[in-house]
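All remarks here apply to the structure that follows.
The values are calculated or read from the model by the stated rules, or taken from the named source; none is laboratory data. All figures in this text were calculated on a predicted structure; none of them were measured in a lab. In this analysis, Cβ positions are derived from the backbone assuming ideal geometry, glycine residues included, and neighbour counts consider all displayed protein chains. For the accessible areas, the whole protein counts, side chains as well, though only heavy atoms, and no ligand, DNA or RNA atoms are used. Shrake-Rupley method; radii C 1.70, N 1.55, O 1.52, S 1.80 Å.
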Amino acid sequence: SQQGEEDPQALSIQEGENATMNCSYKTSINNLQWYRQNSGRGLVHLILIRSNEREKHSGRLRVTLDTSKKSSSLLITASRAADTASYFCATNYGGSQGNLIFGKGTKLSVKP
Amino acid sequence: SQTIHQWPATLVQPVGSPLSLECTVEGTSNPNLYWYRQAAGRGLQLLFYSVGIGQISSEVPQNLSASRPQDRQFILSSKKLLLSDSGFYLCAWSVNGGNTGELFFGEGSRLTVL
């Protein structure tokens, strides 16, 4: 399977702490994306990192990509209770359809 | 700006009954359209995608079918629902020919088959 795998499956932290989630995949990619899903809602795109990039920032989010290890990490700094959600990585293997392969997600709980 | 609408949001159906979930996109032309299913606590499974009117690709053989009667309309159907069809169904779109594959999701439809 080409599916990405997130680690850990669940993460519980206190407000103000940093949260780190990891994603591993199996074959070469065009880009890797991170999405957020609040309970019972649709997914929202957070950030995209291309295969020739190593690090990207967006507000409190920092994403790294190590293509040699076929892995990525998402860091949320100074977490807030509102960051409580599931986070998914999705790998784009190219093709005109732009199909994405999603992992099973990390469920993040930020306690006030 | 682009928006995506998906309905119904919730439905409870008996085994053997038909299903129709509808998705429409506004503010863009010729999008790629997708149906995903998410089982409880699981990732997303791609069911169908479409790159144009009447063009449907199925990723997983199953009890479901999809149709694209208009450019920005995508319908997920079943003639006879099974218990295993229960789940959270998500419609999404992406830019046709775009090389990033970034997806924009609807709010989902939760189906319970009893």
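For the range B:82-97, the tally of residues that are without any contact (Cβ under 8 Å) to a residue 60 or more places away in the chain and touching a Gly at 6+ places or on another chain (Cβ under 7 Å) stands at 1.
How many residues does the range B:28-46 hold that are hydrophobic (A, V, I, L, M, F, W, C) and buried (at least 21 other Cβ atoms within 10 Å of the Cβ)? Total meeting the criteria: 3. Suppose the filter is touching a residue at least 60 places away in the same chain (Cβ under 8 Å) and either more than 21 Å from A:Gly42 (Cα to Cα) or not charged (D, E, K, R) (or both); does B:Asn30 pass it? Here the answer is yes, as B:Asn30 does meet what is asked.
On the given criteria, is B:Arg68 open to solvent by less than 40 Å² (accessible area, probe 1.4 Å), of a type in the set (D, E, K, R) and within 14 Å of chain A (Cβ to nearest Cβ)? Walk me through it before giving the result.
Values: open to solvent by less than 40 Å² (accessible area, probe 1.4 Å): yes; of a type in the set (D, E, K, R): yes; within 14 Å of chain A (Cβ to nearest Cβ): yes.
In short, yes.
Test B:Tyr49 against the criterion of being touching a residue at least 40 places away in the same chain (Cβ under 8 Å) and not small (Gly, Ala, Ser), and give yes or no. When the stated conditions are applied, B:Tyr49 does not pass them. B:Phe104 fulfils the conditions (1) open to solvent by 60 Å² or more (accessible area, probe 1.4 Å); (2) away from chain A (no Cβ under 13 Å); (3) farther than 11 Å from B:Cys23 by Cα except for a single criterion, (2).
Based on what the data block shows, is A:Ala81 open to solvent by less than 50 Å² (accessible area, probe 1.4 Å), among the aliphatic types (A, V, I, L, M), within 14 Å of chain B (Cβ to nearest Cβ) and within 18 Å of A:Leu46 (Cβ to Cβ)? Even if it seems obvious, please write down each step before you answer.
On the way: open to solvent by less than 50 Å² (accessible area, probe 1.4 Å): yes; among the aliphatic types (A, V, I, L, M): yes; within 14 Å of chain B (Cβ to nearest Cβ): no; within 18 Å of A:Leu46 (Cβ to Cβ): yes.
For A:Ala81, the condition - open to solvent by less than 50 Å² (accessible area, probe 1.4 Å), among the aliphatic types (A, V, I, L, M), within 14 Å of chain B (Cβ to nearest Cβ) and within 18 Å of A:Leu46 (Cβ to Cβ) - is not met.
All conditions in (1) among the β-branched types (Val, Ile, Thr); (2) open to solvent by 40 Å² or more (accessible area, probe 1.4 Å); (3) within 14 Å of the chain's Cα centre (by Cα); (4) at pLDDT 95 or above hold for B:Val25, with the sole exception of (2). Residues considered: B:Ser58, B:Ser94. Of these, the only one that is surrounded by fewer than 17 Cβ atoms within 10 Å (Cβ to Cβ), within 14 Å of the chain's Cα centre (by Cα), within 14 Å of chain A (Cβ to nearest Cβ) and under 25 Å from A:Cys89 (Cα atoms) is B:Ser58.
Would you call B:Gly41 on the phi > 0 side of the Ramachandran plot and within 10 Å of chain A (Cβ to nearest Cβ)?
Working: on the phi > 0 side of the Ramachandran plot: yes; within 10 Å of chain A (Cβ to nearest Cβ): yes.
So B:Gly41 fits the description; yes.
For the range A:87-96, check the following and say yes or no: at least one residue is away from every other protein chain (no Cβ under 11 Å) and either surrounded by 14 or more Cβ atoms within 10 Å (Cβ to Cβ) or farther than 20 Å from B:Ser94 by Cβ (or both). Looking through the range A:87-96, at least one residue is away from every other protein chain (no Cβ under 11 Å) and either surrounded by 14 or more Cβ atoms within 10 Å (Cβ to Cβ) or farther than 20 Å from B:Ser94 by Cβ (or both).
Taking A:Ser58 as the residue in question, decide whether it is hydroxyl-bearing (Ser, Thr, Tyr) and either within 14 Å of A:Cys23 (Cβ to Cβ) or more than 14 Å from chain B (Cβ to nearest Cβ) (or both).
Values: hydroxyl-bearing (Ser, Thr, Tyr): yes; either within 14 Å of A:Cys23 (Cβ to Cβ) or more than 14 Å from chain B (Cβ to nearest Cβ) (or both): no.
Considered against the rule, which asks whether it is hydroxyl-bearing (Ser, Thr, Tyr) and either within 14 Å of A:Cys23 (Cβ to Cβ) or more than 14 Å from chain B (Cβ to nearest Cβ) (or both), A:Ser58 comes out as no.
Tell me, which strands (runs of 3 or more DSSP E) wholly within the range A:1-77 include 2 or more residues that are in contact (Cβ under 8 Å) with a residue 24 or more places away in the chain and open to solvent by 50 Å² or more (accessible area, probe 1.4 Å)?
Numbers: elements: A:5-7, A:10-14, A:19-24, A:31-37, A:43-50, A:55-58, A:61-66, A:71-76.
Where strands (runs of 3 or more DSSP E) fall fully within the range A:1-77 and carry at least 2 residues being in contact (Cβ under 8 Å) with a residue 24 or more places away in the chain and open to solvent by 50 Å² or more (accessible area, probe 1.4 Å), they are A:5-7, A:10-14, A:19-24.
Scan the range B:55-114 for residues that are in contact with a Pro (Cβ under 8 Å, 6 or more places away or on another chain) and hydrophobic (A, V, I, L, M, F, W, C) and report the count. Residues flagged as in contact with a Pro (Cβ under 8 Å, 6 or more places away or on another chain) and hydrophobic (A, V, I, L, M, F, W, C) within the range B:55-114 amount to 6.
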